[in-house]
Every structure is written in C-alpha cells, then in structure tokens.
Amino acid sequence: MAEQNFQQFSEEVKRHFDVVAEDLSSKIKLIAESVSGIQEQLIAIRDMVAKNTEDIEVIKMDAESIKQMLRRKVDIEEFEMLEKRVLAVESKLRR
C-alpha cells in the first residue's frame, strides 16, 4: 500500500511538473515572439534614423548653399546707395 501511495504521489508530481513545464514553455515562446517583434521595431527605427540623418545632411548642405548665395547678394541699403550714386552720375553727365 505504501508503494502504491508513493507511485500515485510520484505520478501526480510528474503530471504537475509536466503542466508547469508546458506553461513555462508557452510563456518562454511568448517572450521570444515579443523579443522578435521588438527587434523588428528597432531595425525599423534604426532605418528611419539613418534616413533622417541623410535628410538632415541634405538640408544642411542646402542651407549652406543658400547662406553662400545670400552673402553674394547685395542688400537693399547697398542697392539704394548705388542707385542714388548712379542717378547722381547720370545727372552730371546730362549737363
């Protein structure tokens, strides 16, 4: 009888551990799937950051180009002064 009780107890413990192991295994698979999804999201974010970095570099080059063009342009005050000087020279030439 003691042997039979031990056998039943042993089988019950084995079933319990099988259930626990199966539950643990399913939770580990769920975690693995979550990690895989997170890795895919990180890859997508990394690619977006790389593209944004490239776009920023293009914008910086465009801004520098615009800045150089603006330096070469004459501002309004300089233009007005030149216009007055040209008018003065023209009026002297007409006399």
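The values are calculated or read from the model by the stated rules, or taken from the named source; none is laboratory data. Keep in mind that this is a model prediction, so the values were computed, not measured. Methodologically, a virtual Cβ is constructed for each residue, glycine included, from the backbone with ideal geometry; neighbour enumeration extends over all protein chains shown.
Quick rundown of the values:
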| read-out | value |
| --- | --- |
| Test for residue 76: is it surrounded by 10 or more Cβ atoms within 10 Å (Cβ to Cβ) and of a type in the set (A, V, I, L, M) | no |
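Every residue, every condition in (1) modelled with pLDDT under 95; (2) among the hydrophobic types (A, V, I, L, M, F, W, C), yes or no:
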{"residue": "9", "(1), (2)": "yes, yes"}
{"residue": "12", "(1), (2)": "yes, no"}
{"residue": "16", "(1), (2)": "yes, no"}
{"residue": "20", "(1), (2)": "yes, yes"}
{"residue": "31", "(1), (2)": "no, yes"}
{"residue": "40", "(1), (2)": "no, no"}
{"residue": "49", "(1), (2)": "no, yes"}
{"residue": "52", "(1), (2)": "no, no"}
{"residue": "58", "(1), (2)": "no, yes"}
